Amino acid sequence: MSNLNNLIMVVEDESLLLEAIGKKLQREGYDVLLCTSAGQAVDYLKNMKENLPDVIWLDYYLTDMNGLEFMDLLGKNENWKRIPVIVVSNSASEQKVAALMKKGVKKHILKADYRLDEIVKIIESYLKKVPVR
Amino acid sequence: MGIRRLIESKKNSVNQKMLHYYLNNCSDVVFSTGVDFVINYCNDTFCALTGFERSELIGSKLTSILDGQNGERLLFLNNANGSETFRIEISIGSKTGSIKKIECKTSFFQNKLFIFIGRDITAQEGIIKEKDDKIKTGEEEKARSQEILNSIGDGVISLNDKGEVIYVNKQAIDILGFHSEELIGKLLWKKIIMTDDKGQEVQIENRPIRMALFTRKRIYESSYYYKSKDGRFIPVSITATPLVMHDMVVGGVDVFRDITKEREVDRMKTEFISLASHQLRTPLSATKWFAELILDDSKNLNIEQLGLIKNIYTSNQRMIDLVNALLNISRIESGRIINDPKPTDLRKLVEEVVLELTPKIKSKKHNVILSIHGDLPLINIDPRLIRNAYMNLLTNSIKYTKEGGEISIIISKRENELVSQVSDNGLGIPDNQRQRIFEKFFRSSNVIKVETDGTGLGLYLAKAIIESSGGKIWFDSVEYKGTTFWFTLPLSGSVAKEGEVTIDS
C-alpha cells in the first residue's frame with residue numbers, strides 16, 4: 001500500500017481535524033507529515049532538504065500565522081516554492097482566495113463542503129505519481 | 001331740544017329734507033339726548049336696531065334701555081367740555097331681549113345735547129370673538145405641533161418652495177449641530193452637505209428633498225450621510241415630502257433619523273452570524289470526516305451500527321447545509337454580497353447544476369426533462385448567484401417529489417427577459433400556506449411530515465437572489481399534484497454590485 005514517493009504535509013491547528021486527515025491519507029497509502037503550526041511545518045521543511053513533501057495541505061487560520069504569510073515563507077525558498085499547496089479552510093472571501101492564488105496556491109477548498117475522499121481526489125490531481133492501491 | 005328741532009327750524013329747505021332722508025336711511029344709528037340722558041331724537045335705524053317704536057324711545061332715559069351696568073360708561077360724559085368727541089361702546093337691550101352692541105362717536109353739542117352716531121357691531125363682535133377663538137386655537141395648535149415636533153426622535157426641517165429653511169426642530173439641531181438661526185432662510189442643499197456611502201457629495205438634483213419638490217412625490221432614502229457642523233458624516237434615513245396645496249408645491253418637509261446605531265447593530269449582527277457560522281464549521285468538519293472514516297471501514301460494523309453512523313453523518317450534513325444557508329442569508333441581508341455579472345450561457349449553467357444533482361436524482365429515480373430555447377443569448381448575470389437559485393429550486397423538486405417523479409426545466413425567451421420554469425409533480429404547496437412560502441425558515445406542513453431534512457431557507461434565498469439580479473419569481477401549485485416555479489432574468493442583465501463576499505464561501 002505504502003508509496004514512499006508520495007509525502008503529504010498537513011498543516012492544521014485543530015488536532016481532531018489533523019487526526020482525521022492523517023488517518024484518511026494513510027489509509028489511501030500516503031506518507032503523511034502532520035503539523036499543528038506553521039512554525040513546525042517550516043522546521044520540518046528546513047530539516048528535510050531533499051525528500052520534500054509532494055503536496056501541502058494547508059489550513060488558512062493557524063495559531064502562529066495565516067495562509068498568506070505561510071505562502072510568503074515558502075516563496076523564499078526555490079525548492080519549497082515548487083510544492084503544490086491546497087488550502088482547506090473555513091471561509092473563503094473573494095479577496096482572500098484571489099490573494100492566495102496569486103501567491104501560488106493551487107486550489108482553495110471549503111472544509112465542511114467536502115468529504116475527505118473528495119479532497120484526496122483533488123490532492124491526487126496535483127501529484128506526479130498517483131499511489132498504487 | 002333735539003336734532004329734529006334743529007332740522008325743523010329751517011323748514012322747507014331742500015337740504016333739510018335731504019338730511020332727514022339721509023338720517024333715516026343710513027346704516028348708522030343716530031340719536032341724541034339731553035344732559036339728563038333723556039332721548040330726544042333717534043333715527044329709523046336706531047328704532048329698527050332696538051325694536052322700539054320712536055314714541056317709546058323719545059322721552060325715556062337712555063340708561064333704561066342700556067344692558068346691565070354699562071350705563072356707568074355714560075357718566076364720564078358729564079365731565080365733557082364742549083365740542084369734545086368721544087368714542088364709546090354701549091350695549092342696548094332690545095325689545096326682543098337680544099343685546100345689541102353699538103360703537104358710538106359721541107359729541108357734546110352746545111353744552112346741552114349729546115349726539116350719538118354709531119354702528120351696530122353686534123355681529124362684528126361675534127366675528128372678532130370667533131377670530132380670537134380661531135387665533136387662540138391656531139396658536140394652541142401651533143404650540144402643540146411645536147411640542148410634538150420637538151419631542152420626537154426624528155429631525156424635521158421644513159422648507160418653502162424655493163428650498164429655504166423655514167423651520168428646524170430640536171432633534172435636527174441636535175443631530176446636525178447647526179443653530180436654528182444658521183439654517184433659517186438658507187437653502188438646505190447649500191447649507192447642509194450630503195454625501196453617499198463613498199464620501200462623494202450628492203448632486204443637488206439627487207437630494208431627496210429636491211426630488212420631492214420636483215417630482216411631487218414622497219422620497220425615501222437611507223443610504224446617504226448628512227455632514228454635521230463639526231464635520232462628522234452621519235448616516236441618515238430620510239423621508240422627504242412635498243407640501244402640495246391647490247396643485248402647487250408650496251414647500252417640503254425633510255424628516256430624518258440618525259441611523260448610526262442601527263448600522264452598528266446590523267453590522268454586529270452580521271459579523272456575529274458570520275463568525276459563529278465559521279467557527280461552527282470546524283467541529284462540523286471533524287464530525288463529517290470521522291463519520292466518513294468509520295463508514296469507509298464499514299465491514300467491521302453490523303447493520304444497526306452502520307445505520308446509526310449514517311444517521312450521524314446525515315444529521316451533521318444537515319447542520320452544514322443550515323450553516324451555509326445562514327451564512328448566505330447574512331451575506332445577502334448585510335448587503336455585502338457581490339453581484340458580479342458575466343456573460344453567461346444559462347443552458348450550460350443549468351446542465352452543470354443537473355449534473356451535480358444527478359446522484360440525488362438517480363437515487364429517487366426521477367425523470368428530469370430539460371427544454372431550453374434553441375437560440376438562447378448569453379445573459380449578463382452573476383453565475384454563482386443564479387446557479388444557487390436553480391440549485392435551491394431543483395433540490396426542492398427532487399426532495400419533495402415521490403420516487404419516480406417528473407421534473408422539468410424550461411428556459412424560454414421573451415421580448416426583454418429570459419423565463420426559467422422548474423416544475424415537478426410532487427407534494428405541492430397547501431393553499432393556505434401559499435402566502436408564506438418565501439418566508440425565512442418557513443416549511444410547509446405537508447413537506448415537514450414527509451421530509452424532516454430541510455432548512456426553510458432555500459426559497460427565501462432564491463427570491464433574494466432573483467430580485468437582487470433584477471428578476472421576479474413566482475409559483476403555482478396544487479397540493480399533491482405538483483409545483484411550478486418561474487423566474488425571470490432581464491436580458492439587459494443584472495446590475496453589478498460591489499461588495500465584500502460571494503455566495504457559498
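The values are calculated or read from the model by the stated rules, or taken from the named source; none is laboratory data. In this text the structure is predicted, and so the values were computed from the model without any measurement. Methodologically, a virtual Cβ is constructed for each residue, glycine included, from the backbone with ideal geometry; neighbour enumeration extends over all protein chains shown. Surface accessibility is based on the protein's heavy atoms, side chains included, excluding ligands, DNA and RNA. Shrake-Rupley method; radii C 1.70, N 1.55, O 1.52, S 1.80 Å.
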Only listed residue being open to solvent by 10 Å² or more (accessible area, probe 1.4 Å), on the phi > 0 side of the Ramachandran plot and either part of a helix (DSSP H, G or I) or at pLDDT 95 or above (or both), chosen from B:K348, B:K365: B:K365
Filter result (part of a loop (DSSP other than H, G, I, E, B), farther than 14 Å from B:L243 by Cβ and in contact (Cβ under 8 Å) with a residue 40 or more places away in the chain) within region B:152-179: B:G153, B:D154, B:G177, B:F178
Residue list for region A:95-110, filter: within 8 Å of chain B (Cβ to nearest Cβ) and either within 13 Å of the chain's Cα centre (by Cα) or aromatic (F, W, Y) (or both): none
Given (1) within 14 Å of chain B (Cβ to nearest Cβ); (2) of a type outside the set (A, V, I, L, M, F, W, C); (3) farther than 30 Å from B:A291 by Cβ; (4) surrounded by fewer than 14 Cβ atoms within 10 Å (Cβ to Cβ), number of the condition A:K46 does not satisfy: (1)
Selection status of B:T314, of a type outside the set (K, R), in a helix (DSSP H, G or I) and either touching a Phe, Trp or Tyr at 6+ places or on another chain (Cβ under 8 Å) or open to solvent by less than 50 Å² (accessible area, probe 1.4 Å) (or both): no
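Each row is one residue, and each column tells you yes or no for (1) surrounded by 16 or more Cβ atoms within 10 Å (Cβ to Cβ); (2) touching a helix residue (DSSP H, G or I) at 6+ places or on another chain (Cβ under 8 Å); (3) within 19 Å of B:F487 (Cα to Cα).
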position	(1), (2), (3)
B:S408	yes, no, yes
B:V419	yes, no, yes
B:G428	yes, yes, yes
B:R436	no, no, yes
B:F442	no, yes, no
B:S445	no, yes, no
B:I448	no, no, no
B:E451	no, yes, no
Close pairs (7 angstrom Cβ cut-off, 6 or more residues apart or separate chains): on the phi > 0 side of the Ramachandran plot in region B:424-448, surrounded by 15 or more Cβ atoms within 10 Å (Cβ to Cβ) and modelled with pLDDT of 90 or more anywhere: B:G428/B:S477; B:G428/B:E479; B:G428/B:G482; B:G428/B:T483
Which numbered condition B:L149 misses (of (1) touching a residue at least 24 places away in the same chain (Cβ under 8 Å); (2) farther than 30 Å from B:V30 by Cα): (1)
Selection count, region A:26-35, where residues are away from chain B (no Cβ under 14 Å) and either free of Cβ contacts under 8 Å to residues at least 24 places away in the same chain or assigned to a loop (DSSP other than H, G, I, E, B) (or both): 1
Selection from region B:421-448 of residues that are in contact with a strand residue (DSSP E or B) (Cβ under 6 Å, 6 or more places away or on another chain), part of a loop (DSSP other than H, G, I, E, B) and of a type in the set (V, I, T): B:I429
Qualifying residues in region B:95-140 (those that are hydroxyl-bearing (S, T, Y) and under 17 Å from B:V38 (Cα atoms)) - the one least open to solvent (accessible area, probe 1.4 Å): B:T106
Residue within region B:341-360 that is within 14 Å of chain A (Cβ to nearest Cβ) and under 25 Å from B:N416 (Cα atoms) present: yes
Residue in region A:11-25 that is within 14 Å of chain B (Cβ to nearest Cβ), touching a Leu at 6+ places or on another chain (Cβ under 6 Å) and within 23 Å of A:M101 (Cα to Cα) present: yes
One residue from B:L491, B:L427, B:L394 being more than 14 Å from chain A (Cβ to nearest Cβ) and within 36 Å of the chain's Cα centre (by Cα): B:L491
Conditions (1) assigned to a loop (DSSP other than H, G, I, E, B); (2) more than 14 Å from chain B (Cβ to nearest Cβ): number failed by A:A92: (2)
Count of region A:111-126 residues which are hydroxyl-bearing (S, T, Y) and either at the interface with another protein chain (Cβ under 10 Å from one of its Cβ atoms) or closer than 16 Å to B:L295 by Cα (or both): 1
Residue check, B:D230 open to solvent by 70 Å² or more (accessible area, probe 1.4 Å) and on the phi > 0 side of the Ramachandran plot: no
Qualifying residue in region A:22-43 (condition: surrounded by fewer than 17 Cβ atoms within 10 Å (Cβ to Cβ) and among the hydrophobic types (A, V, I, L, M, F, W, C)): no
Extreme residue, nearest to A:K111 (Cα to Cα), among residues of region B:258-311 that are within 14 Å of chain A (Cβ to nearest Cβ), loosely packed, with under 14 Cβ neighbours inside 10 Å and of a type outside the set (G, A, S): B:Q279
Among (1) modelled with pLDDT under 95; (2) surrounded by 19 or more Cβ atoms within 10 Å (Cβ to Cβ), the one test that B:H373 misses: (2)
Residues (more than 10 Å from chain A (Cβ to nearest Cβ) and over 42 Å from the mean Cα position of the chain (by Cα)) located in region B:312-333: B:I312, B:T314, B:S315, B:R318
Pair list, Cβ < 9 Å and 6+ apart or interchain, from region B:269-295 residues that are over 19 Å from A:V88 (Cα atoms) to residues that are β-branched (V, I, T) and open to solvent by 40 Å² or more (accessible area, probe 1.4 Å): B:I294/B:I312
